[in-house]
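**Student:** My structure is below; once you've seen it, I'll send some questions.
The values are calculated or read from the model by the stated rules, or taken from the named source; none is laboratory data. Remember, predicted model here, so these are calculated numbers, not experimental data. As a convention, Cβ positions derive from the backbone with ideal geometry for all residues, glycine included, and neighbour counts pool all protein chains shown. Quick note on the areas: whole protein, heavy atoms, side chains included, nothing else; ligands and nucleic acids left out. Shrake-Rupley method; radii C 1.70, N 1.55, O 1.52, S 1.80 Å.
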Amino acid sequence: MEKLILPGKDDFLYQVDDTKVEADSRGKPDLAKTVYFLQNLALAHVKKLGFGEDYQREKSFLYVVCRMKGTFYQNLKVGEKLTGVTYTLVPNLIDMIRYAYLLDSEEKPVLFLSSLWILLDPKTRRIKPARFYRDDILAKYPKMKENKEIEGTHLAALDFPKEGFVKAGDYTIAPSDIDANHHMNNTSYLRISKDISSFDSLSSFEIDFEKECFLNDKLSLWKKEEPGKEEIEGRKEDGSLSFKLRFLSR
């Protein structure tokens, strides 16, 4: 993945913008804000393609991320200027995959992020089939059929052991966590997980979003540690699983 291959720019099939890596409360590179930048870049791309807020209202759905995996080729460095690039793959009938990269000044990859998106009914909060989305976007951008999944990047669900987790903290969902979909933004889960992590340098992270969290919901955070690996679960007050996350260190 040292050489970045992009779909055609003339077809508006990818979006580019720059960012500067910010520091978190401990002075370390802020992973959550970096991923938040890529998330907003993706939403800007969707809007440019013509499938933004107006299209969502017309079809009555929300874009929701249900799974993410980030792979680091270099460490994030506070203050470093990076270029973000994002594009979507061919939509499936239920979900869709989006890729994003962060590139350094020499256009070498720093981070590769793959995310699995679904369409959610805003009233029932249930998954909507994405067939209509697939048909509409491919009718408008037929060249998107060329954007295929890269070998080795398939997002499989995380399979955690049932035992060995130790409680590591509690968290109450704050107004600053809530996004335009009226639930906790996916980058907030990354932030609260990083706050209880002992790793400064990551080789990768994976996160599955199992159950939405809303304002004032309470989460208990549980962690299982092994050499070079941390597994974290967020559990709601009723004991149900909200999210699960894996950090691998360098």
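**Student:** Which one of these does GLY27 not meet: (1) assigned to a loop (DSSP other than H, G, I, E, B); (2) touching a helix residue (DSSP H, G or I) at 6+ places or on another chain (Cβ under 8 Å)?
**Tutor:** (2)
**Student:** I'd like to check which strands (runs of 3 or more DSSP E) are fully inside segment 151-250 and have at least 3 residues that are free of Cβ contacts under 8 Å to residues at least 40 places away in the same chain.
**Tutor:** Output list reads 229-236.
**Student:** Does at least one position in segment 62-73 carry a residue that is under 23 Å from LEU103 (Cα atoms) and in a loop (DSSP other than H, G, I, E, B)? Let's see the steps before the verdict.
**Tutor:** The first filter runs over segment 62-73 and keeps only residues under 23 Å from LEU103 (Cα atoms), leaving 65, 67-73.
Next cut, in a loop (DSSP other than H, G, I, E, B) only: 73.
Yes; the residues of segment 62-73 include at least one that is under 23 Å from LEU103 (Cα atoms) and in a loop (DSSP other than H, G, I, E, B).
**Student:** Here's another thing I want to ask about it. Inside segment 55-78, can you point out the residues that are open to solvent by less than 20 Å² (accessible area, probe 1.4 Å) and either among the small types (Gly, Ala, Ser) or at positive phi (or both)?
**Tutor:** Answer for segment 55-78, where residues must be open to solvent by less than 20 Å² (accessible area, probe 1.4 Å) and either among the small types (Gly, Ala, Ser) or at positive phi (or both): just GLY70.
**Student:** Can you tell me which residues in segment 143-155 are open to solvent by 60 Å² or more (accessible area, probe 1.4 Å) and over 16 Å from LEU6 (Cα atoms)?
**Tutor:** GLY152, HIS154
**Student:** Here's a follow-up. Kindly list, by first and then second residue, each pair from a residue in segment 43-54 that is open to solvent by 90 Å² or more (accessible area, probe 1.4 Å) to a residue that is in a helix (DSSP H, G or I), limited to pairs with Cβ atoms under 7 Å and residues at least 6 apart or on different chains.
**Tutor:** none
**Student:** If I ask for residues that are within 16 Å of ASP11 (Cα to Cα), in a helix (DSSP H, G or I) and not hydrophobic (A, V, I, L, M, F, W, C), which ones from segment 123-150 would you list?
**Tutor:** ASP136, LYS140, PRO142, LYS143, LYS145, GLU146
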